[in-house]
Amino acid sequence: MAAVLVCLALAGAGCTRLDALHRRLEAIDDGAARTIVRDALWAHGSKYRWAEHGALRAEVTRTVHRPLGDSATDEVWLLDLWSGALRVEVPACRRVTVYDGQAWRVFIDGRQAADLEARAQAAGDARLVAGLLPMPLSLAAPGQRVAFAGTRTGPGEARAWQRLLVTYPAGAGAGDQAVVEVRQESHRVEAVLIRWSEPPFVGRPMRVEMDDWRPAGGLLLSRRWRFIPTDDQGAPTGPALYTVRVKQIDLDPPIGAGTFSQLEPGG
């Protein structure tokens, strides 16, 4: 329903997804940051390709790395690229999280859960789905601020990354932010340094290395994310804690009336 409402709203306003994307880019008031985001969109498909698509569906495996052995969980993510509505299904936990753009609902074992822990976990899931899955389109998401944060060079200055500081709107965790590193030569995103308050991150600084970029529907999307703990300066302090492997991506899947609001997605 959220996707339908967004399309109707765009049509009623006499605009298209491309118009909406242009407005989002123009809303980035830092000129250097705006140029980097535009170049990144072109390097990951083009702004026209991004505007062609309304939703992403991904089948992923999230792995927790522990000293006694890894623990892997299969999940299904669905994201409306323009409204921010999303759905996360974790069959092994019998948990479904839905967000229709206004309200969160978490269902466990077929019942709606109201406890704060479940809602916090849902918010952490949303950070992954909305913030990393559609990268770099998520850099042009409304409500956040993106600013140029300088250039980092590698050993011998053979490689360089342009850095973007992303700060989130009121309602996000106090002090939450991300620094996105874009390879200067290719304009591709290679890493995101995050400080997110929701579980499982709980404010701990981490470096998310994004690689294994593959095409899907004219877009270039990362298929592996490695979450590595760091100190406050971004230097690694240990091995990867989590890995997300994106196994399958489908663009513009059918979306039912209750997909982003109900336990059963409807038709």
With unit charges on the beta carbon (Lys/Arg positive, Asp/Glu negative), name the residue among 168, 257, 132 whose Cα is farthest towards the positive pole of the charge dipole of the chain.
-> 132
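Go ahead and estimate [θ] at 222 nm for the chain from helices alone: -39,500 (n - 2.57) per DSSP H run with n ≥ 4, summed, over the residue count, rounded to 500. Each step should come with its number before you reach the end.
On the way: 5 runs with 56 residues, N = 267.
Mean residue ellipticity, 222 nm, calculated: -6500 deg cm²/dmol.
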Got the relative contact order for the chain handy, in percent, Cα pairs under 8 Å and 6 or more residues apart?
-> 20
What GluC sites (Glu not before Pro) does the range 138-214 have in DSSP loop regions with at most 13 other beta carbons within 10 Å?
-> 185
Size of the dipole of the chain about the Cα centre, Lys and Arg at +1 and Asp and Glu at -1 on the beta carbon, nothing else charged, in debye to 20?
-> 220
Can you give me the Cα centroid spacing of the range 65-99 and the range 154-233 in angstrom?
-> 19
Per residue convex hull volume, Cα atoms of the chain, in Å³ = 131
Using 7 Å Cα-to-Cβ label points, what is the residue 151/residue 232 separation (nm, one decimal)?
-> 2.8
Rounded to whole Å and sorted largest first, list the principal axis extents of the Cα atoms in the range 50-133.
-> 45, 29, 18
Under a plain spin-label model, where a point goes 7 Å from the Cα along Cα-to-Cβ, how far apart in nm are residue 247 and residue 35?
-> 4.3
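What is the ratio of the Cα radius of gyration of the range 207-267 to 2.2 N^0.38 Å, with N the residue count, to two decimals? Walk me through the numbers before you get to the answer.
On the way: Rg = 16.9 Å, N = 61, 2.2 N^0.38 = 10.5 Å.
Dividing the Cα Rg of the range 207-267 by 2.2 N^0.38 Å gives 1.61.
Figure the gain on full extension for residue 186 and residue 112 (residue separation times 0.36 nm, minus the Cα-Cα span) and round it to one decimal in nm.
On the way: separation 74, 0.36 × 74 = 26.64 nm, distance 4.52 nm.
Result for the pair: 22.1 nm of gain on full extension.
Read-outs: derived from the displayed coordinates by stated rules, not from any lab. Quick caveat, the model's predicted, so the values are computed rather than measured. Cβ atoms come from the backbone with ideal geometry, glycine included; neighbour counts cover every protein chain shown.
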